[in-house]
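The values are calculated or read from the model by the stated rules, or taken from the named source; none is laboratory data. Quick caveat: nothing in here was measured; it's all calculated off a predicted structure. Cβ sites come from the backbone with ideal geometry, for glycine too, and all protein chains shown count toward neighbours.
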There are 4 protein chains.
Amino acid sequence: MIMQISADEASHIHDALTNRRRTATSDGVAADRLRSIVDRIERLEEERANLAADIKDIYAEAKSAGFDVKVLRQLIALRKKDDAEVAEMETLLDVYKRSLGM
Amino acid sequence: MIMQISADEASHIHDALTNRRRTATSDGVAADRLRSIVDRIERLEEERANLAADIKDIYAEAKSAGFDVKVLRQLIALRKKDDAEVAEMETLLDVYKRSLGM
Amino acid sequence: MIMQISADEASHIHDALTNRRRTATSDGVAADRLRSIVDRIERLEEERANLAADIKDIYAEAKSAGFDVKVLRQLIALRKKDDAEVAEMETLLDVYKRSLGM
Amino acid sequence: MIMQISADEASHIHDALTNRRRTATSDGVAADRLRSIVDRIERLEEERANLAADIKDIYAEAKSAGFDVKVLRQLIALRKKDDAEVAEMETLLDVYKRSLGM
DNA sequence: CAAGAATTATGAACCC
DNA sequence: GGGTTCATAATTCTTG
């Protein structure tokens, strides 16, 4: 791995990761910065996990309402894609199928 | 296709969505229900994409601050995994304990 | 978890798993049996991993030859499915799309 | 669609498979190549499915012999994971050591 | 048949 | 920017 940080910085990071320094020196600054970064990322990832759970719930609701979840997923994926992309992909698939005599 | 809904249900939906059923109401109900489901899923997925972008930004900020992003990702994965694995190991331990009738 | 084995058996398994017994008693028989099972499964899984690697190589070859790997995967998945299933799925997708006015 | 092949290449394939190109030979070559690729992948996937069936049989045998299949799966997963995780931990350790210039 | 695990595919991120 | 590796998402399969 090619480190993109200086030896000093590296030392600071390692200190921060291993909680060896607790003073409000420059080391502490780096450690605090790291802690802030980690906290924010973990917070956002938690929110993201919550959203994923919500989405899962809606699919479950759809299933209960009698909709086919697999087709529903296809539908939503389709809406995300550019029309031209979908068309070109289908065209290429047809080409391959014809090539195999399908 | 292996339907995840019963044949009756499938017929029902198909009837509703293709305007075969007698009342105009039930058609509209199913269509509205589908629209609601699709809208909510797409809304939540948009929020999720925004969160992913925010997380990406924080990683970029961390990189600018001199932190090694790869190490950072490993660190966060490790913090997440540790919890999961502690739970997994406890499950396995329980299994063994049960095997011994404890 | 509902154990499907007797307490004696459970004890034997646990012993085997933890290598506490080494004699050719009935414990040893169970341990040998377990070892045989684990060995065979791991052997087959290794073969399966090798096959997966071979398949990956062919996809890489296809890509080098100018084929679109994603479409290729779709094609092969399509050939696995029953024709009637594919048709019914596409029909249902069309129904949903019409329902949304797409 | 985001092509994973260049536009030139794509045009080439498309030409070949749709018989737009001048010679009948190159068409056949591309079609044969595709057929070869699909055949080999399907063959290997069939072997892989057979191996999966064999593995399933062994688990069934283990169950008949009184072993708990779930525990067995956990055991084998654990044996697999341990190797992978030892490697992962060593990687992370190396990163930290490099951070310290060791 | 519903739920959960396990496998597999897709998409993103990093390096060259 | 292209390939490769890794994370996440989805489908499939098994079990209760």
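I'd like the full set of residues that are surrounded by 17 or more Cβ atoms within 10 Å (Cβ to Cβ) and either modelled with pLDDT of 90 or more or more than 15 Å from DNA strand E (Cβ to nearest atom) (or both), limited to the stretch A:77-91.
none
Going by the structure shown, is B:E61 within 16 Å of A:D39 (Cα to Cα), out of contact with any Asp or Glu (no Cβ under 7 Å at 6 or more places or on another chain), at pLDDT 90 or above and not polar (S, T, N, Q)?
Taking the combined requirement at face value, the residue satisfies it.
Exactly one of (1) modelled with pLDDT under 90; (2) surrounded by 17 or more Cβ atoms within 10 Å (Cβ to Cβ); (3) within 11 Å of chain A (Cβ to nearest Cβ) is unmet by D:G28. Its number?
In the conditions (1) modelled with pLDDT under 90; (2) surrounded by 17 or more Cβ atoms within 10 Å (Cβ to Cβ); (3) within 11 Å of chain A (Cβ to nearest Cβ), D:G28 misses (2) alone.
Restricting the search to the stretch B:38-78, which residues are within 14 Å of DNA strand F (Cβ to nearest atom), at the interface with chain A (Cβ under 7 Å from one of its Cβ atoms) and under 17 Å from A:I76 (Cα atoms)?
B:V38, B:I41, B:E42, B:L44, B:E45, B:E47, B:R48
Matching residues to (1) of a type in the set (A, V, I, L, M, F, W, C); (2) more than 30 Å from C:G101 (Cα to Cα):
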site: B:R35; (1), (2): no, no
site: B:I41; (1), (2): yes, no
site: B:E45; (1), (2): no, no
site: B:A65; (1), (2): yes, yes
site: B:E88; (1), (2): no, yes
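Would you call A:A62 within 14 Å of DNA strand E (Cβ to nearest atom) and of a type in the set (A, V, I, L, M, F, W, C)?
Answer is yes for this residue.
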